[in-house]
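*Asks:* Here you go, one structure.
Nothing in this text is a laboratory measurement; each read-out follows from the coordinates by a stated rule. The shown structure was predicted, so the numbers you read here are calculated from the model rather than taken from an experiment. No Cβ is skipped: glycine too gets one built from the backbone with ideal geometry, and neighbour counts run over all protein chains shown.
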Amino acid sequence: MNNITPKAKKSSIPLVHLSCYPWLVIFLCSTFLFYKYILQVSPSLMTTELMAFFHVSGAGLGNLAATYFYTYAIMQLFAGILLDKFSPRILISLAMLATALGALFFSTADNLLEADISRALIGAGAAFATVSYMKMAALWFHPSRFAFVSGLLATAAMLGALFGEAPMALLINLVGWQQALLYVSLMGVVLAVIFILTIKDKQEDVNVSPVSWAVKVNFKEILVVLKSLNNWYLMFYSGLAFAPVAVFGGLWGNPFLEVAYRLTKAQAASLTSLVFLGLAAGGPLFGLLSDRLKQRESMMAIGTTIALIALLLVLYVPGLSIWLLATYLFIFGFGIGAFMLVYVIGKEINLLALAATVIAMLNTGDALLGALSEPLTGWLLDLMDPNKALNGVHYFSAENYRIALVILPIYLLAALFFLWRFKKAKIQDYS
């Protein structure tokens, strides 16, 4: 027996040392993204119910949904720095738990204040999702694979958005919006427990990627990131490119499709989910193409232009067949998938040790534009016909939606402008 025991111990390989372990890490990080997007887009399925339950107008509903983005944007200021300095394993687990608790509190909210606070808690926890994924990808994968792995972020996130559309719509129809959110909150608690029990922090003796672990992050280096004009160009591009997905897929796309094409809630949700399906496909594909062609900015410009054309067709060509509408929605999402390359470029032009800080800065653009755009769209809708109501709930026509949603193609044009400015600027060398 004494001869067998040492041999058995020698053959036992810790999970963290297995070659597949980085993929387990990134898979569990992707479940956080999946979960985040279920909660981010869920208000689009409950517009009528939430307006009636909390007695709010279009602008009020936009503000309720955008409360998520307010705290999301604020926490972006801290999420990256915290992940660069402290244990990602503990921070990510706590963020997952906070997101789940926010969903639980929202499902039991009796008034608008409680709903706002709950939605804010969801945003605070969800702020860690994208940054955590990109930080772990930078730690556990070789730089040559980073563009592809970061592209998979879009796949994971948009699969969550997909589940947050048609399947969530069916669940809401079966059990109601409050019970549905209760089930979703329990899912988040389970994910947090699995993560804390399975994931380990990266150690120096687990060398998957050639990372210098001797670099100590300090405020001076963080200040260099914030002073870089290139980083600001990338941040504004990212926010403006993704905002149309956040606004259309997260709140106002479903009601627009219901009114403009006389669809049921489930049918509209199924069509909106094609935007996320397209983004899920476009993210990794643009990543692979940019790795092969070494033309990241060009890929981003092509994708954004494709998305702009498809969105204009969806919004302003009336009488589209369902098949054409579905095709254009998919192409819109597919083109937006190119915006994921902003994280790759951000990592390449900044210190690797500051990966989470850089990604958090870039992600702030998404949060700020989302926080502004959802209530802005609601305010524009209210402005056009403030007294129109159906069964006590504010009602908007297809024409109202088309006018209010004009901000989305404007955003994409502005995104192309900032991308052009970035391409004109000299890439800063941190080596």
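*Asks:* Can you work out ³J(HN,Hα) from phi for every residue in the range 265-274, in order, using Karplus 6.51 cos²θ - 1.76 cosθ + 1.60 and θ = phi - 60°, giving whole Hz and x for Gly and Pro?
*Replies:* With coefficients 6.51, -1.76 and 1.60, one gets 4, 5, 5, 5, 5, 5, 5, 4, 4, 5 Hz.
*Asks:* So what are the ³J(HN,Hα) numbers for the range 191-199, from phi and the Karplus equation (6.51, -1.76, 1.60; θ = phi - 60°), rounded to whole Hz, Gly and Pro as x?
*Replies:* Coupling constants for the range 191-199: 4, 4, 5, 4, 5, 5, 7, 9, 8 Hz.
*Asks:* Take GLN179 and PHE78, extend 7 Å from each Cα along the Cα→Cβ direction, and tell me the distance between the two endpoints in nm.
*Replies:* Inter-label distance under the simple model: 3.7 nm.
*Asks:* Kindly flag which residue pairs out of LYS85/LYS424; LYS85/LYS294; LYS135/LYS220; LYS36/LYS423 have an alpha-carbon separation exceeding 23 Å in this structure.
*Replies:* LYS85/LYS424; LYS85/LYS294; LYS36/LYS423
*Asks:* Let me ask something additional. Stretch CYS20-LEU113 to full length: gain in nm at 0.36 nm per residue minus the Cα-Cα span?
*Replies:* Full-extension gain reported as 28.9 nm.
*Asks:* If each of LEU226 and THR264 carries a label point 7 Å out from its Cα toward its Cβ, how far apart are those two points in nm?
*Replies:* 5.2
*Asks:* Take SER42, SER290, SER228 and order them by how many other Cβ atoms sit within 10 Å, fewest up front.
*Replies:* SER228, SER290, SER42
*Asks:* Which of LYS220, LYS36 comes first, and how do the rest follow, when ranked by fewest Cβ neighbours within 10 Å?
*Replies:* LYS220, LYS36
*Asks:* Another question about this same structure. Please arrange ARG296, ARG119 by counting, for each residue, the other beta carbons lying within 10 Å of its beta carbon, fewest first.
*Replies:* Final ranking by Cβ density, sparse to dense: ARG296, ARG119.
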